[in-house]
1. Apply the Debye scattering formula to region 96-192, with a single equal point scatterer on each alpha-carbon and no solvent, then give log10 I(q)/I(0) at q = 0.12, 0.22 Å⁻¹.
2. Please give the Cα centre distance for region 122-144 versus region 153-171, rounded to the nearest Å.
3. When a/c is below 1.5 the answer is rounded, else prolate if a/b is larger than b/c, else oblate, so apply that to region 125-169 with a ≥ b ≥ c taken from the square roots of the Cα gyration tensor eigenvalues.
4. Which of Ala146, Gly207, Gly160 sits farthest toward the positive end of the charge dipole of region 133-222, with +1 on the Cβ of Lys and Arg and -1 on the Cβ of Asp and Glu?
5. Tell me, what HN-Hα J-couplings in whole Hz come from the Karplus equation 6.51 cos²θ - 1.76 cosθ + 1.60 at θ = phi - 60° for each residue of region 174-188, using x for Gly and Pro?
6. Using the per-residue mean of other Cβ atoms lying within 10 Å as a proxy for protection, in what order, highest first, do the peptides 133-140, 108-115, 184-191 fall?
7. Using only the Cα atoms of region 144-196, each taken as one equal point scatterer with no solvent, compute I(q) by the Debye sum, divide by I(0), and report log10 of the ratio at q = 0.31 Å⁻¹.
8. Taking H placed 1.01 Å from N in the peptide plane, check which residues at least 5 places from Asp210 or on another chain put their amide H under 5 Å from its amide H.
Amino acid sequence: MRPRSRSLALAGLALAATVAFAWAAGAAPGDSTGHRTVVPVTRPLGTRPAVVAPTSQPGPSGAPAPVTIILVRHAEKDTGRAGADVPLNARGFARAQELARVLGPVHFDRIYSTHWLRNRQTAAPIMARTGDSLTVIDEVDPTVQALRGEHPGSTVLVVGHVYTIAPLIEGLTGRPFPLNEPVSYDGLWIVTRPASGDPTLTILRFGALDEKPEPPRKEAPK
């Protein structure tokens, strides 16, 4: 996909978000089955409007284009299986397909994941479409360092965990994770890092409602 096409694709994602507050009012946007499209749930950090649709071309001032980082939690896992490295359940596989549909027009320069099967399966439908491979990093600090080193104009996807999403976003924005924001399976967190100025965070929802969202954690379960 050419750089301008990528910009337009992300602009489409932002445009889809403007249908928005119908869901909070009880009328979910989507098809006749009630399936949700992407909807925003909160304003970005600070008072500045979020930038969801970067372009890889320099602006009028010649400033480099921002880096866009899309973070998701892995989809629902099969808690009925024994062991730590369990696969997705049926709901999780459906969510992974929905994620690929929602992000279908977006070109990713890199896809980050931990080594866990549930994360790799969440990214698999997108990888099947793009032919990309995963960059596997398990620890938060090295992931933040890698993301901060992405080239201007890059768009990357991170498939994380309930215990990594908050510290990753804090490391990328330099601000605390939003109060009362759960790390839910239906969350879509978009961090925009401009070449100069403050990063912004946009929080969206996609797919089926996560009926039991969890609060953020900073440590992996023992």
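Bear in mind these aren't lab numbers, they're just calculated from the coordinates by the rules spelled out. Everything numeric in this text was worked out from a predicted model, so none of it was measured. Cβ coordinates were reconstructed from backbone atoms using ideal geometry, including for glycine residues, and neighbour counts include every protein chain displayed.
1. Treating every Cα as an identical point scatterer, log10 I(q)/I(0) equals -0.37, -1.33.
2. Cα centroid to Cα centroid, the span is 11 Å.
3. Details: a/c = 2.07, a/b = 1.30, b/c = 1.59.
Note, shape of region 125-169 comes out oblate.
4. The residue sitting most towards the positive pole is Ala146.
5. Once θ is set to phi - 60°, the couplings for region 174-188 become x, 10, x, 4, x, 4, 6, 9, x, 9, 9, 5, 9, x, 9 Hz.
6. Values: 133-140: 14.8, 108-115: 19.4, 184-191: 23.1.
Listed from highest to lowest mean packing, they are 184-191, 108-115, 133-140.
7. -1.56
8. Sorted by chain and number, the residues that satisfy this are Asp186.
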